[in-house]
Amino acid sequence: MPRDITVILERKSDIGWQLVLSMIRNDYFNSERPQENWLNSSMYINEYYPKPIYIEYDPIVWELFGVCGRFAESLRGIPLDCCKEIKEEHKSFGDEAFDEHWISCSDFISNVNESGRKSAEAHKLADYIKELGNPEETRLIMWFSQ
């Protein structure tokens, strides 16, 4: 059974956690007939959604996030203090969202650096995260879906 991952980056600020990447308009959102935005009894389409920083299928990178392999037993769930845009996006996945987790960007970068595996994708993502701000002040929020 295929698995998709949604990973969103947020930064701590004086007023709480905030998105780092922009919101994206959903081309499939139907503003004229809102009832058509419901995919089933628990899933719906938001008009805007947070731009994910990562959505690829790569179990090596997933393990470095802490959601697969040797780290999987310590899933943290969605943080109660995450930004409202992430909460709303997660809620829109309804019953399809599972294995929710978060990791600080500094921990993810450390996992990448300490990994014995050669993952160009993980190193590229770690470098991109560093370009976007201080890894000590940012975290990755994620979940899987079918």
Quiz prompt | 0 to 90° range, to nearest 10: angle between helix 120-132 axis and the chain longest Cα axis | solution = 80
Self-check item: Long-range lysine pairs (8 or more apart or interchain), the chain, Cα under 18 Å
Solution: 9
Quiz prompt | Modelled label reach - Arg11, point 7 Å along Cα→Cβ, region 111-146 residues with backbone N closer than 16 Å | solution = 127-141
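Does region 85-146 classify as rounded, prolate or oblate by the C-alpha gyration tensor (a ≥ b ≥ c root eigenvalues; a/c under 1.5 gives rounded; else a/b over b/c gives prolate, otherwise oblate)?
Here region 85-146 falls in the prolate category.
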Exercise. Please say if the chain is rounded, prolate or oblate, where rounded means a/c under 1.5 for a ≥ b ≥ c the square roots of the C-alpha gyration tensor eigenvalues, and otherwise the choice is prolate for a/b larger than b/c and oblate otherwise?
Key: prolate
Quiz item: Just how much of Arg3 is accessible, in Å², when a 1.4 Å probe is used and the result is rounded to the nearest 10?
Solution: 70
Quiz item: Once Lys and Arg get +1 and Asp and Glu get -1 on their Cβ, which of Ser42, Leu140, Ile78 lies farthest toward the positive end of the dipole of the chain?
Solution: Leu140
Quiz item: What residues qualify as long-range amide H neighbours of Ser115, i.e. H under 5 Å apart, gap of 5 or more or another chain, H built at 1.01 Å from N?
Solution: none
Quiz item: What percent do you get for the relative contact order of region 1-106 when only Cα pairs under 8 Å and 6+ apart count?
Solution: 30
Quiz item: What's the extension gain from Glu32 to Ser74 if we count 0.36 nm per residue and subtract their Cα-Cα distance?
Solution: 10.8 nm
Self-check item: the chain - mean residue ellipticity at 222 nm from DSSP helices (-39,500 (n - 2.57) per run, n ≥ 4, rounded to 500)
Solution: -8000 deg cm²/dmol
Practice problem: Would you please give the residues with an amide H less than 5 Å from that of Leu39, counting only those at least 5 places away or on a separate chain, with H modeled from the backbone geometry? | Solution: Tyr44, Ile45
Quiz item: So, in nm, how far is label Asp127 from label Asp95 when the simple model puts each one 7 Å beyond its Cα toward the Cβ?
Solution: 4.4
Quiz item: Applying the Karplus parametrisation 6.51 cos²θ - 1.76 cosθ + 1.60 with θ = phi - 60° to the phi angles of region 31-39, what ³J(HN,Hα) value in whole Hz is obtained for each residue in order, glycine and proline being reported as x?
Solution: 6, 6, 9, x, 4, 6, 7, 7, 7
Exercise. Using the Cα centre as the reference, give the magnitude of the dipole from point charges on the C-beta atoms of region 98-146 (Lys, Arg: +1; Asp, Glu: -1; all else neutral), rounded to the nearest 20 debye.
Key: 200
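The values are calculated or read from the model by the stated rules, or taken from the named source; none is laboratory data. Remember, it's a predicted structure, so these values are computed and weren't measured experimentally. Every residue, glycine as well, gets a Cβ built from its backbone with ideal geometry; the counts of neighbours run over all protein chains shown. Remember, those area values only see protein heavy atoms, side chains included, never the ligands or the DNA or RNA. Shrake-Rupley method; radii C 1.70, N 1.55, O 1.52, S 1.80 Å.
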